[in-house]
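Just below is one structure, and these are the notes that go with it.
The values are calculated or read from the model by the stated rules, or taken from the named source; none is laboratory data. Quick caveat: nothing in here was measured; it's all calculated off a predicted structure. We place every Cβ from the backbone using ideal geometry, glycine too, and count neighbours over all the protein chains shown. What goes into the accessible areas is simple: the full protein's heavy atoms, side chains included, and nothing from ligands, DNA or RNA. Shrake-Rupley method; radii C 1.70, N 1.55, O 1.52, S 1.80 Å.
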Amino acid sequence: MDVEDKMLALQTIPTVALASMAGPGIIIGAYLGKIAGRSFSLAIPAGIILLLPLFLWCLSLSKNYSGKSLFNSFEKGIGSIFMYFFIFTYIVINLILSVSYLLIFSETVKTFFLENTPIWAIILVSMIVSLFIAADGFHIMLRAVSLLTYSAVISFMVIHAFGLPEFKMENITPIFDSTWIQFLKGTLFSAGLSCEGVIFYIAVSPMLPKTKKAAVYVVIGIVGWAIYFFIGNLISVGVVGFEIYVSDPHGALSVARNIHPFAFISGLEIFTLYPFVVAAIVKTSFYLYSSASIISERFGRKIYQPVIIILALLVFAACAYLEDFNNGFIISTFLAQYVLLPFCMITLFSMWLSDRFNMRSAEK
Amino acid sequence: MKKYTINAKKLRNRRSKHRSEDKIQASIKNGHVYTDVEMNLKFISDSLCKFTGLVTGEFETNEARKKVGIAYLSSMSDKDFINKGILEPLLSLQAADDSYNEERLISRIKKNCIRTANIKESDNFQILINEIIGGNTVVFIEYSTTALCVNTRKLEKRSIESPQNETNLLSSKDAFSEDIETNCSLLIRRLNTKKLNFHEISIGKLSRTSVKLVWVSEVANEDLVEEVKRRLEQIDTDIAHGIGQISEFIEDRPLSLYPKYLQTERPDFTAMFLSEGRVGILCDGSPFAMIAPTTFWDFFKTMDDYNDTPISVSFSRIVRYLAFFISVIISPLYLCFVTYNHIIVPPELALNFSKGRENVPFPTIVELLFMTFMLNIIKEAGLRMPGTFGYFAGTLSAIIIGQAAVTAGYVSASLIIIIAISAITSFSISNATLVNTSRIFNYTLVACSSIFGIFGLFCGIIFIVGYICRISSFGVPYIYPLLPYDASGAKNTIIRAPFSILRKRPKLFSLTNRTKIGTKGITHKGGKNGR
């Protein structure tokens, strides 16, 4: 790893950690309100913080696999059949996540900004830009993602700042008005939504520096996202009220449309649209990159670009076939509730087990 | 048939002419200087017969009774020096014991006779002819098979003038000129150290243009210097027009939309970059220096940034970045408002827009593209026309397009305002190359917005960001030192931190010698404790 690589990796870790978790949750996050009740804005950061050990576990496992993906641990440990099983599942999950997110996102854009444009056209454009960002590999993608994440965060800050004058305290209280079970369910759902970050880190953590500083940066990124997502949701609820916010499937965009500070300013939803577009493109790049990099690692680095194009075409075909917000919403909530967290835990546990086997066989 | 015979005759004549020229070329290649001065001069005259201004002369020294011959190009040589510094002392050459030992005689002439230290010896006609073409004077001595090449080059040149394109308020007022030696002296004046290195390369099989690579040793990355040298030496072209052409030959991706090298006419700016560990390239006949590697942020820097207070400079830089952003984005944003997303404009403003567009017969995209294109034409016309005509063209177009077109109802007034803002903001960018780039991106975003509205605009912006992240200049990422982050350099990108904080050189420019400013003499807290 040369000077440039070290510098790049360290400084981009927080933004990448943040961006990797900003999945469909930023659009359908309000659905959490239906699960967790009024305490949902607290369940959001709680769920994200819950993932910290998984991220750190990922980093600690990657110490022995510098430059290679964590799936290599299976090969010498519990066997290559398991490895291919996990790789296959991993790629399928990534592609499904990609499809669900693009469906949710494109329908949102259509509803608010491009009423007469077909969904497939919006998906196609997003896909092309995502491919452009992911096509040249890890470093260039991370550079672009860092810049875009900063700009998206600033854009979100603008809308939140404008939202503050219309913020009403009575809209968010009573914040603890839900049962423990509801709160727990909400926390787990939030963890499931943000678990996409762990999925991305399974593919890229071996490429990050193996220092304590890197781990600290990961923690900064995760905690930063937890605080930011919490404040964002809190302000949104404070502006429109809990009931209206939770009943709207497009969350923050509807809130932004209702903000009219100083009477003559309107159209602030473009400040929300920008982070949505950035998140959709960045996340699609991540899904495609994770899948393509693991396939090309197995079958040769040269096939990375053809593979990523084929995967993009597959995702586009699936999106064009489903073409509905509801499908995306159902897939996304299903994955967040029942699949992502268990998959990450099982995969990381199997990797750890495999590592143990490796170490014992090496000792013998 | 007759016609054919005539043609064949002509052809034969041409062939024989070519053959004789080839003979001369061959003899030049293999030819050695004769002992007879007359033959040498004849050979030179035959070889350079097509050159106007070739002067040859044969003389006899007063006491030594030796024949000497000189040859030079009057248009490129200093005639006064030739008369006083070469001919006069040669003619009064004293007879001595060494008069029959040519080697010793030549040595005596070099040491005691010709009044310059810049003398070379050669026995090869190829070299001698090249020296004459280069403006030097060749001296033949009777019975000697070695000739002397005396540096008498003197070209008509511009005096040092103030910069035309990079005017600054608080910085020096001198600019590079077309003469490479003068440009070197301007750099030496600012970097008066033995560490300043010049590596000269001749580029162009026909033009043999002198190109100099400049760097500060122990500061610049030696690998980078070697790489630039290698790339320069690989250039295979007939003619080197100027620094822009050379830059294109050596850059990574010539088809890149962003400029990947910085052209500057300011010696102080060049010296500043050299002191950071970058390399410069000077080209004879070009009043610009090329700086490499270059990053995106360098195009927004001016020399005034280093002669003003940090807060004032930071403010100016932010204004420049915003201007660049506005110049690229304002017209596509207007297109989004008018065509797709009316709701995102305050109702009063939307009404104004639609009122202005009431009688316009064209769709907004046609109107916008037409006006943007017209503006580019006016800009080009203003640039290419001589002084007063340029101003005249500008004023005339402003009246016709600004008033008449709106009154006639061809375009809306709001569009004129948007186009004018876009143009004016693009002019506040300090680098001319980047202005053109901003125009290209403007067109791209207009196209994106016309198809997908605000969503298309955002996708276009993300595409451009992705594009910038892919570019590198001589291996250095284009958005360095912000990404990859380098604290020492990052504080001199969007803002300019006080010098007490900018103590280190960016890592990727200078790997070894990184300290630029010491703590001595800095009394305030930032200096002693600052990183």
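Assorted remarks:
- Most positive-pole-ward Cα, B:His199, A:Val278, B:Leu128, against dipole of the protein assembly as shown from beta carbon charges: B:Leu128
- Local electrostatic count, A:Ser205, Cβ distance below 13 Å [Lys/Arg +1, Asp/Glu -1]: +3
- Taking all protein chains together and rolling a 1.4 Å probe, A:Leu313 ends up with roughly 110 Å² accessible.
- Two-site FRET efficiency, A:Lys76 against B:Asn513, from Cβ-Cβ distance with R₀ of 45 Å, rounded to 0.05: 0.50
- Distance from the C-alpha centroid of the stretch A:293-364 to that of the stretch B:370-445: 52 Å, rounded to the whole angstrom.
- Shielding by other protein chains, B:447-456, mean Cβ within 10 Å: 5
- Axis angle, to the nearest 10 degrees, between helix B:222-233 and the longest C-alpha principal axis of chain B: 70 degrees.
- Summing both sides, the accessible surface hidden between A and B at a 1.4 Å probe radius is close to 3100 Å².
- P(r) weight above 40 Å for the protein assembly as shown, C-alpha pairs, percent: 54
- Rounded to 10°, Cα long-axis angle of helix B:37-47 versus longest principal axis of chain B: 30
- With the charge dipole of the protein assembly as shown set up from +1 on Lys and Arg Cβ and -1 on Asp and Glu Cβ about the Cα centre, the Cα lying farthest toward the positive end among the listed residues A:Pro209, B:Pro347, B:Ala175 is that of A:Pro209.
- Per residue, the accessible area of the protein assembly as shown comes to 45 Å² when a 1.4 Å probe rolls over the protein heavy atoms.
- Seen from a random direction on average, the alpha-carbon convex hull of the stretch A:140-284 projects onto 10.4 square nanometres.
- If you take the Cα centroid of the stretch B:293-340 and the Cα centroid of the stretch A:200-254, the two points sit 30 Å apart.
- Crossing angle, helix B:2-30 versus chain B [Cα axis fit, 0-90 degrees, rounded to tens]: 80
- The simple Förster model, with R0 at 30 Å and r as the Cβ-Cβ distance, assigns B:Asp238 and B:Cys49 a FRET efficiency of 0.85.
- B:Arg108 sits with roughly 50 Å² accessible to a 1.4 Å probe, with DNA, RNA and ligands left out of the calculation.
- Taking A:Leu208, A:Leu164, A:Leu59 in turn, the Gaussian network model of chain A (Cα-Cα springs below 10 Å) assigns the largest fluctuation to A:Leu164.
- Residues B:Glu227 and A:Ile175, FRET efficiency given R0 of 45 Å [Cβ-Cβ distance, rounded to 0.05]: 0.15
- The protein assembly as shown: calculated mean residue ellipticity at 222 nm from DSSP helix runs of at least 4, using -39500 (n - 2.57): -19000 deg cm²/dmol
- Per residue of peptide B:487-494, the mean number of Cβ atoms on other chains within 10 Å of the residue Cβ is 0.
- Relative contact order (%) - criterion: Cα under 8 Å, at least six apart; region: the stretch B:280-390: 12
- Its relative contact order, with pairs defined as Cα atoms under 8 Å and 6+ residues apart, puts chain A at 40 percent.
- Percent RCO, i.e. relative contact order, over chain B, from Cα pairs under 8 Å lying at least 6 residues apart: 12
- Rg(Cα) / (2.2 N^0.38 Å) computed for chain A, rounded to two decimals: 0.98
- The value obtained for the stretch A:1-114, namely the Cα convex hull volume divided by the number of residues, is 164 Å³ per residue.
- Label point distance in nm, B:Ser185-B:Glu58, each placed 7 Å from Cα along Cα→Cβ: 3.9
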